[in-house]
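Student: Below you will find the structure I want to go over with you.
Bear in mind that the values in this text are calculations on the coordinates, not laboratory data. From a predicted model like this one, the values you see are computed outputs, not experimental measurements. Cβ coordinates were reconstructed from backbone atoms using ideal geometry, including for glycine residues, and neighbour counts include every protein chain displayed.
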């Protein structure tokens, strides 16, 4: 495997609206990010993935772009974006931008033109169909944010297609002009010095609408190969695709270097394990560690020699990791450290979502009116109107709503957690008085310092980056254990995913082994016997002596 800089990198995702507000208007901004670069450099990260900061009416918090070549005024200016790129580079940090090209905003000039007439030059930039004889939509396809995937446009008497909000019309990637426009825009940003792209729902651009194929359509991989050749292929940058539909087999298509597509993809099989087969994420299934281990091992094994894994527990669309997989109460610190160790010692590139490094938790707002996310609000209205009880829907929102990840970053215990002196666009989690960066920096045993140790470990130990993955105790319902091997070097990682003390009988190949404890969340473990007693959520990585 050819070594790449991003193999050993650690990436930190910033949701700019909620990270740091420098002008105190209640909305985070680029100046706020610049002001926190020293903090991120101290954490040790190599890359910032910046959620969209492009000009946008903010129907979906910036994932509805009206101008790819400008910055939303609430976030700052193009000059500030250039300054962020330069200041981050001065600290050895690259900026990866969010590429949202499955769709645009309905306020994008292309769409404004496209809806003027059926013969407009930009009409074919989007997907239009005539109504059925009775005036209804062309088919019954549904949008992810609720309702039909078709929106009627009275001016021209046709429907346009949108897989998300009706204010996010899908681009027609069958049109070569769309491809060229997107490639030109990508090169414009790459020439400004960014370190690559995170590609929003990129598995949708090869869709065949009339056949009902939305994900991983037959044109997807040729389109990505064209993009690679026209833009980033000759540059030393990182590209990661958001691919909810990916399997280990298709992930190899995206990320095998020989195919010249992407560096890696985000897959979500471990995320959807907890979703109800009928009600999706709005009704939780009980957490099953055996299922989670099987999925992780499947992906670690499948991409061992071909392709590359993106490692993550949470992001701007997902609940907080410690609330989903750990214990946000009594064992918040221990379980957050355990989750960090379990993830960062795997093979792949780890992603940290803002606040994860201090163990931020889900939030429970009292009323639906306090939520801001378009998906949450739309689905609440749709599902309660269909008879789902309010209480049931709220429990789903508490568990999996996207606003769990979007409450302001908790910098200190004071007003608005130090995020802003204005009124934040969404409420701050009340637990910021106990959970905040200032307190974590002052505590040598904090979750934050545990993350710093794991990031250093990845830089110092090639076995963590390139070592082979071998699972242990695969049938144990409470413990996730695995080994990494590179040449003669061996690291054993043992993680108790439960809030109980676990008495563990070790496999023969690990018994009576000693070594250096690289990281732990209780007292360091330096020697293994035949049995091991694990505290609640105990976790450690042990480099075995030869």
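Student: Efficiency by 1/(1 + (r/R0)^6): what FRET value for residue 500 and residue 526, r their Cβ-Cβ distance, R0 = 22 Å, to the nearest 0.05?
Tutor: With R0 = 22 Å, the Cβ-Cβ based efficiency is 0.40.
Student: At residue 39 and residue 330, where each label point lies 7 Å from the Cα along Cα→Cβ, what is the point-to-point distance in nanometres?
Tutor: 3.1
Student: Something else: For segment 109-161, place one equal point scatterer on every Cα, skip the solvent, and apply the Debye formula. What is log10 of I(q)/I(0) at q = 0.16, 0.20, 0.29 Å⁻¹?
Tutor: These q points yield log10 I(q)/I(0) values of -0.46, -0.69, -1.12.
Student: Quick one: 167, 83, 330, 484, fewest Cβ neighbours within 10 Å first, how do they rank?
Tutor: 330, 83, 167, 484
Student: Now for a separate question. May I ask what percent, to the nearest 5, of DSSP beta bridges between residues of the chain are antiparallel?
Tutor: 65
Student: Which length gain, in nm to one decimal place, applies between residue 236 and residue 285 when the Cα-Cα distance is subtracted from 0.36 nm times their residue separation?
Tutor: Length gained, residue 236 through residue 285: 13.5 nm.
Student: Compute the helix-to-body angle for 289-302: its Cα long axis versus the longest principal axis of the chain, expressed 0 to 90° and rounded to tens.
Tutor: Rounded to the nearest ten degrees, it is 80.
Student: Let me ask something additional. To make sure I understand, if each residue's beta carbon is the centre and we count other beta carbons within 10 Å, what order do 394, 185, 227, 360 fall in, fewest to most?
Tutor: Final ranking by Cβ density, sparse to dense: 185, 394, 227, 360.
Student: To test your reading of the geometry: what angle, between 0 and 90 degrees and rounded to tens, separates the Cα axis of helix 447-460 from the longest principal axis of the chain?
Tutor: 90
Student: What are the extents of the Cα atoms of segment 467-544 along their three principal axes, in Å, largest first?
Tutor: 35, 26, 20
Student: Relative contact order (percent) for segment 467-544, with alpha-carbon contacts under 8 angstrom and 6 or more residues of separation?
Tutor: 31
Student: For residue 215 and residue 140 in the same chain, what is the full-extension length gain: residue separation times 0.36 nm, less their Cα-Cα distance, in nm?
Tutor: My answer for the length gained is 25.3 nm.
Student: If you line up the long axis of helix 332-344 against the longest principal axis of the chain, both from Cα atoms, how many degrees apart are they, to the nearest 10?
Tutor: Orientation of helix 332-344: about 80 degrees from the principal axis.
Student: Can you put 517, 345 in order of Cβ neighbours within 10 angstrom, beginning with the fewest?
Tutor: 517, 345
Student: Semi-axes of the equivalent ellipsoid for the chain, please: Cα gyration tensor eigenvalues, times 5, square-rooted, ordered largest first, whole Å.
Tutor: That gives 39, 26, 24 Å for the three semi-axes.
Student: Provide the three semi-axes, in whole Å and in decreasing order, of the ellipsoid equivalent to segment 201-324 as defined by the square roots of 5 times the Cα gyration tensor eigenvalues.
Tutor: 27, 18, 13
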